[in-house]
């Protein structure tokens, strides 16, 4: 086993133990999407007009992607804590691969997210959401969702290390809740003003949400949308590639140089 793989696995194990010792955060991050599904689906659902479509079928893919985007928040909080408490400094004194620490954190988050997605899918099925596409398309949707979560976590890891302060990292992380609101995760973009619609459709969350709706067979691809939404699978893969190519090397570099 290579040094990076061995060290990364060890750091992933450390991160999983850390999550196990902080069950409150895990429970909160796993139950919040289910609460939002029930709240949006039954409280707002009757007020949102969706011609020819049931709102909860439209909502579930959006909530899945909004939850995946939460990787920015968890990545930021955890790396800010480790930086502020001097854990990163101690790791740098160890003979480990410089990429192992952030990679282990991102991999552990991905594993927890994969497990935590199952209850949200089951609740979605219970409230009337259905997978109308093929099994292969549905598997592709889940894989795309997890890839986006992995990319979003690297964004948070870098921002958390840059904040260097646990309190500042937490405050900055709390601001990321607006990202799904500025997308098509909860409502269609076709009723938005032109400038706001353009901003929402170039939000990576919109591309991934549209891709999931298309792959799950929940909604057709919008006509006349911006390129990432008009070509949602390609747009989603492009966004994930950009985020990983930009933020993963920067996060490793920031960790290596403090």
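Annotations
- Number of the exception - residue 95 against (1) under 27 Å from residue 35 (Cβ atoms); (2) free of Cβ contacts under 8 Å to residues at least 40 places away in the same chain; (3) part of a loop (DSSP other than H, G, I, E, B): (1)
- Condition check for residue 199: out of contact with any helix residue (DSSP H, G or I) (no Cβ under 7 Å at 6 or more places or on another chain), surrounded by fewer than 19 Cβ atoms within 10 Å (Cβ to Cβ), in a helix (DSSP H, G or I) and in contact (Cβ under 8 Å) with a residue 12 or more places away in the chain: yes
- Residues (closer than 15 Å to residue 64 by Cβ, surrounded by fewer than 22 Cβ atoms within 10 Å (Cβ to Cβ) and in contact with a helix residue (DSSP H, G or I) (Cβ under 8 Å, 6 or more places away or on another chain)) located in the stretch 126-143: 127, 130, 131, 133, 137, 138, 140, 142
- Selection of the stretch 127-180 for residues being touching a residue at least 40 places away in the same chain (Cβ under 8 Å), under 19 Å from residue 210 (Cβ atoms), over 18 Å from the mean Cα position of the chain (by Cα) and in a helix (DSSP H, G or I) yields only 137.
- Conditions (1) free of Cβ contacts under 8 Å to residues at least 60 places away in the same chain; (2) more than 14 Å from the chain's Cα centre (by Cα); (3) closer than 30 Å to residue 188 by Cβ; number of the one not met by residue 110: (2)
- Checked against (1) surrounded by fewer than 16 Cβ atoms within 10 Å (Cβ to Cβ); (2) touching a helix residue (DSSP H, G or I) at 6+ places or on another chain (Cβ under 6 Å); (3) not in a loop (DSSP other than H, G, I, E, B), residue 221 meets all criteria but (3).
- Selected residue [part of a helix (DSSP H, G or I), at pLDDT 85 or above and surrounded by fewer than 18 Cβ atoms within 10 Å (Cβ to Cβ)] from 104, 13, 24: 13
- Hey, residue 88 over 18 Å from residue 217 (Cβ atoms), over 20 Å from the mean Cα position of the chain (by Cα) and part of a helix (DSSP H, G or I) or not: yes
The values are calculated or read from the model by the stated rules, or taken from the named source; none is laboratory data. For clarity, every value in this text was computed on a predicted model and none was experimentally measured. FYI the Cβ positions are ideal-geometry reconstructions off the backbone, even for glycines, and counts take in every protein chain you see.
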